[in-house]
Amino acid sequence: MKILLSLFITFCIFGAESNASSKDLLDLSLTELLEVKIVTASKSDDKQMNAPLSSAIITNEEIISTGATSWGEILRLLPGVFVRENSAGNSDVFIRGLGNLPPNSQMPILANSLSLVMIDSRIVYNYFAGGTFWETLPISISDIDRIEVVRGAASPLYGPNAVTGVIHIITKSSNIGGTNSHTNPNRFYADFEFGENQFLRSSLWSQFKKGNWNFSASANYSKRDRDVTQYYSLVENQLVDSASDLIEFDTQLPSPLNQVRFPDESLAQEIKGINLTGQYRLSDEYNFKIATGLQNSIAQNAYFENGTTPLNTFDSDSQYLDLSGEMGSVQFQISYLEGEQIGLGVMGWQWDFDTLDANLIYNFQLNHKLKIRPELSFRRAAYDGEFTNGQKSLETLAGSISLDYSPNKSWRTILGIRADNYKIPDQTQTSYQVSFNYAPSKDAHWRASLVNSHRAPFILDVFQETSFTTSTGLLFELFGNQSLEPLETQNIELGVRYRIDENNRFEAEAFSIQNKGYSDVKLVFVGQDGSYFRTTGVFDNLPLESNATGITFSYDHAFSSQTYIRSFMTFVSENLRDHSVSPAGPPAELPQLELVDLDGKYFPSNYGGFTFNHKYEKWNINLNAYIFDKHQVDHVITQAEVKSKLILNSKFTYALSENSNLFINIRNLFDQDSFEYLYTDKTRRRLSIGLHYNL
């Protein structure tokens, strides 16, 4: 701590001698931020004021000014997004509500599998058990042009898994010469930051133009240690000093796999990524892009089940190839991703995978009032691992059409329908959207929408074939189910945006969500079987239905051209119907399940935050906060109450020259050290310093 503070003071003294001013990283205003267009809400350029769905956007400049160092910290800056950090830099991200469901499940099921994540329209959602492995994204903050979030179901636009919303990361490379793009075609950006707990983050991004070609390249590396070195023992219900002290439930002895599972107990994550992009722009209507990249990551996260502690080490290598283009009214994209992922020391949790996504869109402008957009999509996800007894694949062929009708300047109606035909399970699932928008003036916008969406089947749920025995004579078997019905959601919302004047903007939306079709393990046999005591489970649909109603407020205010604040808050009320509960204690025979109704306690009843930014001469001062209410996580082995938490962050940036900035970054300023999910790491205050260079 003292070394870092001394370095910061030294840099400030050096920087005080410079008379230059920064033109990019510090020149932020609320007006400029709100003028950035959004495309994810309708797949066409929309002013934020008139976006047809509940949505939000954050730009690269705003991300940098706040000092966010991870995907979780970035997404905490956006309204309607709930983030919990499991260990330093490793987070799970939810949109709106209905998280940690069904209660009493394994961690892969409790993780968020209801929000679709994309990079430049390339889906990075995983099909192993749903959700996103955030540490495996090959890009970093330096690659980002902006992040757009659509709150609420969006499967008619983006296909299955956009159940609670869409997180769309749009890179600088995808936007060369396009909407919201930078005017300078030749750019260079470098970022370096280091701090407590062996934290190091560095990245390079460059772009240059030659004729009709634009090229970009980026590389990133980050490493950070855990804030604590203890582990929570699920068997003993207490903290232990080292992973070597974690015991197995049947032998009550330290697990021989502890060293395999935790090769570096202090490491929270280490990430490496490289990306290359080439774009050929013949004209505004004809352009083509090819992008490729790779990543290697290792992280301690709460996702895999090892039977001894919530954390486990996850190792991943992957590479991607993405080809996209526009030819007049036709758009296409073909994306391929392959790699290997390992849950260290967890039986069966190792696989090779490859996914292929192909989309073809035709944008037909019938007249100035009506746009018609038909789309065809194909998706194949193949996984090869011990838990599936060889390679298994899921295939989906889908077709959709949307109508965007504006009879006059005030009214806009969007209708959409999509049909996804699954090979396994053999069925076709339909999703639809009806959205009405009314703008009585340029300063007011009202909207109402009804959207039905669904979640695709997963490899784990459908194909799992797992069995293992213990030294004490226990036999466990777990099987997938190729007849599972997909989870389905219905989302209703009413919203309003109002620009009070050029310095004040208010937005609110009320929403109602209903989910049904959850799946989990159902016991089909418990008892003595020869020399073993056998427990056999099969994935099956549950009678559970979940409901959430809530409201999200956001308010943006510019005190002056130098100072602004953005604030937001979400309030959610949840209830569960027909939740399956088994009798307490270890099952000696097949349990007789009971169905109960529960009030919501598995998700915060409120969460939100604010960002305050002030420029003073060559200084930029940013304070941002995130808060959430207490809630409960019920795991198949244990349960935990997550306490209310307020996390305050600050970043002080000084312009050394026109193109370089020095900063000090303090995360979790008040040192709120409670865990955020099921006895995972207690995150602590983190101090770092660094340098931005932008040319």
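Observations on the model:
- Selection status of Ile290, modelled with pLDDT of 95 or more, buried (at least 18 other Cβ atoms within 10 Å of the Cβ) and aliphatic (A, V, I, L, M): no
- Scan of the range 296-319 for residues that are assigned to a strand (DSSP E or B), touching a Lys or Arg at 6+ places or on another chain (Cβ under 9 Å) and within 22 Å of Leu460 (Cβ to Cβ), ordered by number: Ser297, Gln300, Asn312, Thr313
- The set of residues in the range 49-67 being crowded, with 20+ Cβ neighbours inside 10 Å and closer than 21 Å to Ser115 by Cα consists of Ala51, Pro52, Leu53, Ser54, Ser55, Ala56, Ile57, Ile58.
- Condition check for Lys651 on (1) at pLDDT below 95; (2) not in a loop (DSSP other than H, G, I, E, B): one failure, at (1).
- Restricted to strands (runs of 3 or more DSSP E) entirely inside the range 513-605, those with at least 3 residues that are hydroxyl-bearing (Ser, Thr, Tyr) are 532-541, 545-560, 563-581.
- Residue in the range 612-628 that is farthest from Ser554 (Cα to Cα), counting only those that are surrounded by 22 or more Cβ atoms within 10 Å (Cβ to Cβ) and in contact with a Phe, Trp or Tyr (Cβ under 9 Å, 6 or more places away or on another chain): Asn620
- Restricting attention to the range 107-136, the residues being part of a loop (DSSP other than H, G, I, E, B), under 19 Å from Glu305 (Cβ atoms) and either modelled with pLDDT of 90 or more or under 15 Å from the mean Cα position of the chain (by Cα) (or both) number 10.
Matching residues to (1) farther than 29 Å from Ser105 by Cβ; (2) surrounded by 15 or more Cβ atoms within 10 Å (Cβ to Cβ); (3) of a type outside the set (Asp, Glu):
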{"residue": "Leu494", "(1), (2), (3)": "yes, yes, yes"}
{"residue": "Glu502", "(1), (2), (3)": "yes, no, no"}
{"residue": "Glu509", "(1), (2), (3)": "yes, yes, no"}
{"residue": "Leu544", "(1), (2), (3)": "no, yes, yes"}
{"residue": "Asp556", "(1), (2), (3)": "yes, yes, no"}
{"residue": "Tyr564", "(1), (2), (3)": "yes, yes, yes"}
{"residue": "Glu574", "(1), (2), (3)": "no, yes, no"}
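- Asp284 modelled with pLDDT under 95 and outside any strand (DSSP E or B): yes
- For the range 12-57, the tally of residues that are assigned to a loop (DSSP other than H, G, I, E, B), among the hydrophobic types (A, V, I, L, M, F, W, C), modelled with pLDDT of 70 or more and in contact with a Lys or Arg (Cβ under 8 Å, 6 or more places away or on another chain) stands at 2.
- Of all the criteria given as (1) in contact with a Leu (Cβ under 8 Å, 6 or more places away or on another chain); (2) at pLDDT below 95; (3) among the acidic types (Asp, Glu), the one not satisfied by Asp227 is (1).
- Within the range 450-466, if we keep just the residues that are buried (at least 23 other Cβ atoms within 10 Å of the Cβ) and of a type in the set (S, T, N, Q), the residue that is nearest to the chain's Cα centre (by Cα) turns out to be Ser453.
- Flag if Asp681 is over 21 Å from Ile58 (Cα atoms), surrounded by fewer than 22 Cβ atoms within 10 Å (Cβ to Cβ) and of a type in the set (D, E, K, R): no
- For the residues Ile119, Ile144, the requirement of being of a type in the set (A, V, I, L, M) and surrounded by fewer than 24 Cβ atoms within 10 Å (Cβ to Cβ) singles out Ile144.
- Within the option set Ser115, Ser155, being in contact with a His (Cβ under 7 Å, 6 or more places away or on another chain) and of a type in the set (Gly, Ala, Ser) holds for one residue only, Ser155.
- Of the set (1) surrounded by fewer than 22 Cβ atoms within 10 Å (Cβ to Cβ); (2) closer than 23 Å to Phe314 by Cα, all apply to Met107 but (1).
- Evaluation of Lys272 against (1) modelled with pLDDT of 95 or more; (2) within 25 Å of Ile123 (Cα to Cα); (3) out of contact with any Phe, Trp or Tyr (no Cβ under 6 Å at 6 or more places or on another chain); (4) surrounded by fewer than 22 Cβ atoms within 10 Å (Cβ to Cβ) (one fails), failing number: (3)
The values are calculated or read from the model by the stated rules, or taken from the named source; none is laboratory data. For clarity, every value in this text was computed on a predicted model and none was experimentally measured. In this analysis, Cβ positions are derived from the backbone assuming ideal geometry, glycine residues included, and neighbour counts consider all displayed protein chains.
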